[in-house]
1. Could you give me the ³J(HN,Hα) list for region 144-153, computed from phi with Karplus coefficients 6.51, -1.76, 1.60 and θ = phi - 60°, whole Hz, x at Gly and Pro?
2. Sort 42-48, 234-240 by packing, meaning the average of other beta carbons within 10 Å per residue, with the highest value first.
3. Which order do the peptides 135-145, 219-229 take when ranked by the mean count of other beta-carbon atoms within 10 Å per residue, highest first?
Amino acid sequence: MKDTGKIRFFGIAGAGRVAVFLLAVFSFAGISRAAAPDSLASLLVRTRSILQQFVEDLGNMRYSEDVVQQKLGNNGKITYKQETVFDTLILMHFDNHKLNFEESRLREREPRHPEVRPLMLTSGFSTLAMIFHPFYESSFTFTRLDDDVVDGKTLVRVHYEHVLGTPSPALYQMLYSQKPIELSGTAWLDPDSGQILRIIADVGSTMQDLGIKGLRAEVEYAPVRMSGSPQPLWLPSSATIDLETPKQHWRNIHRFANYRRYTVDVKIEVNLKQP
């Protein structure tokens, strides 16, 4: 049985604000593994194992999210922007044999001068690395590119491409219709651990019917030390999303910090007195 799980990618463009959301929904159905060269195959095994741990680490996590929304001109310069800080919570729960991530935000700091002109709304891109999770490997082919040296460390570059005709792990929704997105891009992996340090996703002609020329997302991950964890956790540190139409260009920059475990205190009172 093929994996029926998917990432739902919502792109809604109108006369007002532009909204783009990435919501992860992971199914536990069986999968068929995509073929890969031996050297790459062993690396992907380590990466997939890490992504399984990533699900546990990111689930029930709380953090501060600084979001800068920008509108860019034809020359690439910022024409206007606003910054908002959120107290963000990632919730993980099971529903009908599926693992669901839900992102909840509370405004922690409002913009000094709220912008009334159109801006892009983005959410959920911290889960982009899940493309490499075992639930989704049958929907992609992976190709090793030339290595890259970043900060003196040699990293393995892996190109991923959606397999046509397979269930797409990404959909976008316009009003009530859902259409697949042909995701492709590149990830930078640590050759020893298999950890993903950076991943880029590009969406091209799939969204032209929405008047969208292109959409590019880049997410970076970094070690985070937390109390009670002997080893640092690899969690999202930033996400940059660019969206272009033939006449408009928006860019949002998310920065994630102050990670902490989210716990709920439940108090149960029992009345032993009989009426």
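What follows is calculated from the coordinates using simple rules that are stated; it is not laboratory data. Please read all numbers here as calculations on a predicted model, not as lab measurements. Reconstructed Cβ throughout: ideal geometry from the backbone, glycine too, with neighbour counts over all protein chains shown.
1. For region 144-153, the Karplus curve yields 7, 9, 4, 5, 10, 9, 10, 6, x, 10 Hz.
2. Values: 42-48: 18.6, 234-240: 21.0.
Final packing ranking: 234-240, 42-48.
3. Values: 135-145: 19.5, 219-229: 14.3.
Top to bottom by mean Cβ count within 10 Å: 135-145, 219-229.
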